[in-house]
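> Pasting a structure here, questions to come.
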Amino acid sequence: MTESSQPAAPFVPGPGESVVVYLEPDAGPASSASSPGSADGPADGPGVSLRVDDPRRPAILVTDQGLTRGDGVFETMTAVATEGSGSGSGTGAPFRVRKEDSHLARLATSAEALEIPLPPAPAWRQAAAAGLDAFAAGNPGVDAVVKLVATRGPEGAPGGGHYVRGAADVGSDGELAEATEPGLLAPPHLTGTYWVLVSPVSRGLAAARERGLKVLLLDRGVDSGVAERAPWLLMGTKSLSYAVNMAALRYAASQGADDVIFTSSDGQVLEGPTSTVLMARRIPQQDGSTGIELITPLRSSGILPGTSQGTIFAAAQAAGWQLGYGPLEPSDLVDADGVWLVSSVRLVAPVTHLDGEEILQDPELTELLNGFLAEDREPGEHGP
Ligand code: PLP
C-alpha cells in the first residue's frame, strides 16, 4: 500500500539502522485469514501483502489497542548472518533464523490466549525474510534481532473494537461485525495490526554475558497456582503488556543490580522479566564420575515456556544430562553449582550474585550451555 501508483524504491536501512515489514491484510473477504492464534495456513495465498518500510515513518494509528492497552502479542528471535551474505545477495538466504518454528508456534499460542487473529505462519516467515534481505543490504554480515508483533488493531475497526458478549462485536462507530458463534469474538478476520521489525543485535549484551549478572529476587505478587486459577491474567503468554517487567528491571537497576528473578507469593522461583531461569547441580555417580542435572522452574507456575530453555534441554538430554523441572525455591538457587538467565537475544548469561550475595559460578558449565544453545536443536516439550 503505497501513497502513489508508482512503485516505491525498496527501503534499505543504513548501517546500524532497522527495517520494518508490515503484514497488511488485503481488502475483501478474509478467506485466507487463520483462526485466532492459528499458525497454519496457505504459504502465499491471498490475504496478506508485505510492505517493507523505514520504521521511522509513522504507521500505527493512535487508536491501536496494542498502544492504548498493550493488547497484543510479540516474539523476539535472532538471525545469524550466514557466511558470504551481504548487500545485494538476492539469492539464497543471507541469514539463518534461529528457532523460527518454535517462535512462530509460541506466537500462535499467545495469540490464541488473547483471541487475536493471526496471519498464517508462512506470511510471517516471508515477512521476516523480506526484512532480513533489506537489512542485509545495508548491514552486510551483521546479526539481527527479528521482532514479530501482532496487536488487536484499532479500536472501532470491525472485530477490533471492544468485546461484547453475544452475536456481534461493536466498534466505536457502531459498526457491527458478525460473530461466528454467540459469545465468541469477531470472526477470524485479520483485524489486527501486524509487523516484523529487524534491527542490529545490541553490542552491550555480549559484555553483560561476559561480566555475569547481579540479580535481585523480586516478588511478582501472585502465587504459583494463579495461571491455572485465573487464565485471564494471561500468565505465561508473551503479550505486549511488559510494563511491569520493565519496571522490575528499573527497580533492580536502582538497587545496583543487573536483572531480576521473579518469585511467587508462595516462594517459588519463576522467571526473569525477559528470560528463563536455569540452574545446574553436579551429582556424584556410583561409578565415581559426576553427572549433571539441569533444572528449570515449573511451567505450570505461570511462566513463559522459553524457546532457549527448550533447545538447551534437548541438547543437554542428548549429552546425557538429567533434566528437572521445579518447583524451585530461592535456596535451591543459592545451593546450585550454577544459575543462568537465558533468552534468544541474550543467550546464556551466568548469575554471579543473588540479592547481593555471591553464588557459585561454573564457567565450564556456562560454555557447555552456550554450546547446547548454538546447536539449534528442535526444542522438545517443556516439562510440567
Ligand atoms: N521469559 C520471559 C518473560 C521472556 O520475556 C522471555 C524472552 O523474552 C523468555 C522467558 C525467554 O524466552 P526465549 O528463550 O524464547 O527468548
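> Run ALA280 past the list (1) assigned to a loop (DSSP other than H, G, I, E, B); (2) away from the ligand (no atom under 16 Å from the Cβ) and report the number of the one that doesn't hold.
Single failed check for ALA280: (1).
> While we're here: Can you run down the residue pairs with Cβ atoms below 7 Å, 6 or more apart or on separate chains, where the first is in segment 71-83 and within 23 Å of ILE60 (Cβ to Cβ) and the partner is of a type in the set (Asp, Glu) and outside any strand (DSSP E or B)?
These pairs meet every condition: MET77/GLU100.
> Taking interchain pairs and intrachain pairs at least six residues apart, which have beta carbon atoms under 7 angstrom, with the first residue in segment 93-119 and small (Gly, Ala, Ser) and the second outside any helix (DSSP H, G or I) and within 14 Å of the ligand (Cβ to nearest atom)?
Close Cβ pairs satisfying both conditions: SER102/PRO379; SER110/VAL73; SER110/THR237; SER110/LYS238; SER110/SER239; ALA111/VAL73; ALA113/LEU234; ALA113/THR237.
> Within 14 Å of the ligand (Cβ to nearest atom) and loosely packed, with under 15 Cβ neighbours inside 10 Å, is that true of ALA318?
Working: within 14 Å of the ligand (Cβ to nearest atom): no; loosely packed, with under 15 Cβ neighbours inside 10 Å: yes.
Against the criterion (within 14 Å of the ligand (Cβ to nearest atom) and loosely packed, with under 15 Cβ neighbours inside 10 Å), ALA318 does not qualify.
> Pick from ALA105, ALA121, ALA79: which is closer than 17 Å to LEU190 by Cα and at pLDDT 95 or above? It would help to see each step written out before you state the result.
Numbers: ALA105 fails: closer than 17 Å to LEU190 by Cα; ALA79 fails: closer than 17 Å to LEU190 by Cα.
It is ALA121.
> While we're on this one: So in segment 192-242, with the set limited to residues that are charged (D, E, K, R) and within 15 Å of the ligand (Cβ to nearest atom), which one is nearest to the chain's Cα centre (by Cα)? Please lay out each step first, then the result.
Here is the first cut: in segment 192-242, the residues charged (D, E, K, R) are 203, 209-211, 214, 219-220, 223, 228-229, 238.
Those left that are additionally within 15 Å of the ligand (Cβ to nearest atom): 209, 220, 238.
Numbers: ARG209: 19, ARG220: 20, LYS238: 6 Å.
Filtering first and then ranking leaves LYS238.
> Taking segment 283-322, which residues are closer than 23 Å to GLY212 by Cα, in a strand (DSSP E or B) and not hydrophobic (A, V, I, L, M, F, W, C)?
Once the filter is applied, which keeps residues that are closer than 23 Å to GLY212 by Cα, in a strand (DSSP E or B) and not hydrophobic (A, V, I, L, M, F, W, C), segment 283-322 yields GLU293, THR296.
> Give just the number: which of (1) surrounded by 15 or more Cβ atoms within 10 Å (Cβ to Cβ); (2) within 16 Å of the ligand (Cβ to nearest atom) does ALA247 not satisfy?
(1)
> Considering segment 323-382 alone, what residues qualify as being hydrophobic (A, V, I, L, M, F, W, C), in a loop (DSSP other than H, G, I, E, B) and either farther than 21 Å from LEU216 by Cα or within 16 Å of the ligand (Cβ to nearest atom) (or both)? Before you say what the answer is, go through the steps one by one.
Going through segment 323-382, the residues hydrophobic (A, V, I, L, M, F, W, C) turn out to be 323, 328, 333-334, 336, 339-342, 345, 347-349, 351, 354, 359-360, 365, 368-369, 372-374.
Filter again for in a loop (DSSP other than H, G, I, E, B), leaving 328, 336, 345, 359-360.
Within segment 323-382, LEU328, VAL345 meet the criteria.
> Turning to a different aspect of this structure: Considering only residues that are part of a helix (DSSP H, G or I), touching a residue at least 60 places away in the same chain (Cβ under 8 Å) and among the charged types (D, E, K, R), which ones fall in segment 220-264?
Within segment 220-264, just GLU228 meets the criteria.
The values are calculated or read from the model by the stated rules, or taken from the named source; none is laboratory data. In this text, all values refer to a predicted model and were calculated from it rather than measured experimentally. Heads up, the Cβs are rebuilt from the backbone with ideal geometry, glycines too, and the neighbour counts pull from every protein chain shown.
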